[in-house]
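The values are calculated or read from the model by the stated rules, or taken from the named source; none is laboratory data. This is a predicted model, so every value here is computed, not measured. Note that we place each Cβ from the backbone using ideal geometry, even for glycine, and neighbour counts take in every protein chain shown. All accessible areas refer to the heavy atoms of the entire protein, side chains included, with ligands and DNA or RNA removed. Shrake-Rupley method; radii C 1.70, N 1.55, O 1.52, S 1.80 Å.
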Amino acid sequence: MIALGADHGGFELKEAIKKHLDEKGVEYVDCGTYSAESIDYAPIAKATCEKVTSGECEKAILCCGTGIGISMAANKVKGIRAACCSDYFSAKLTRMHNDANALCMGGRVVGVGLALELVDVFLETEFEGGRHQRRIDQITEIENS
Ligand code: RB5
């Protein structure tokens, strides 16, 4: 189960991602927003990420205008490692090396075609563990300090 969230700047991209996940048979929960009307991104980031930290969802996909604000808010939720990506290599490597559990994208930055490629590689790539686990543990230590 994937948690989806967006503000107005990422609303259209979220809708395109929903269609894509429907076609692939991937289940998701849509945490809003539900229209293109202006809305603040931080509460949506929190509600969406809490679906992950509660264990209801495996990963989150978040969209705002740039992907940046919503990723900043997401990274304040304990247990979330959110990566703002606009290229394929980063979306893949943030799974392999950072065990990212939230992908953030900008609806005003990436086209739908690229965004869907980023979604696919993010969802399909496994964490490599090993030396990278130590580094994740160090991030968690900072979070807990
Ligand atoms: C909203 O206009 C915009 O600021 C927001 O979607 C996002 O880009 C913030 O980082």
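Scanning region 23-53 for residues that are among the hydroxyl-bearing types (Ser, Thr, Tyr) and more than 20 Å from residue 127 (Cβ to Cβ) turns up 28, 33, 34, 35, 38, 41, 48.
The residues on offer are 83, 100, 115, and the sole one that is within 16 Å of the ligand (Cβ to nearest atom), modelled with pLDDT of 95 or more and under 24 Å from residue 143 (Cα atoms) is 83.
Residue 8 fails exactly one of the following numbered conditions: (1) closer than 17 Å to residue 110 by Cβ; (2) in contact with a Lys or Arg (Cβ under 9 Å, 6 or more places away or on another chain); (3) within 11 Å of the ligand (Cβ to nearest atom). What is the number of that condition? Looking at each condition in turn, residue 8 falls short on (2). The set of residues from region 48-68 being in a helix (DSSP H, G or I), within 16 Å of the ligand (Cβ to nearest atom) and open to solvent by 10 Å² or more (accessible area, probe 1.4 Å) comprises just one member, 68. So is residue 27 in contact with a helix residue (DSSP H, G or I) (Cβ under 8 Å, 6 or more places away or on another chain) and exposed (fewer than 15 other Cβ atoms within 10 Å of the Cβ) or not? Judged against the criteria, residue 27 is a match. Condition check: crowded, with 17+ Cβ neighbours inside 10 Å and touching a residue at least 40 places away in the same chain (Cβ under 8 Å). Does residue 93 satisfy that? The answer is no for residue 93. Look at (1) more than 16 Å from the ligand (Cβ to nearest atom); (2) open to solvent by 10 Å² or more (accessible area, probe 1.4 Å) and you find that residue 132 fails only one, number (2).
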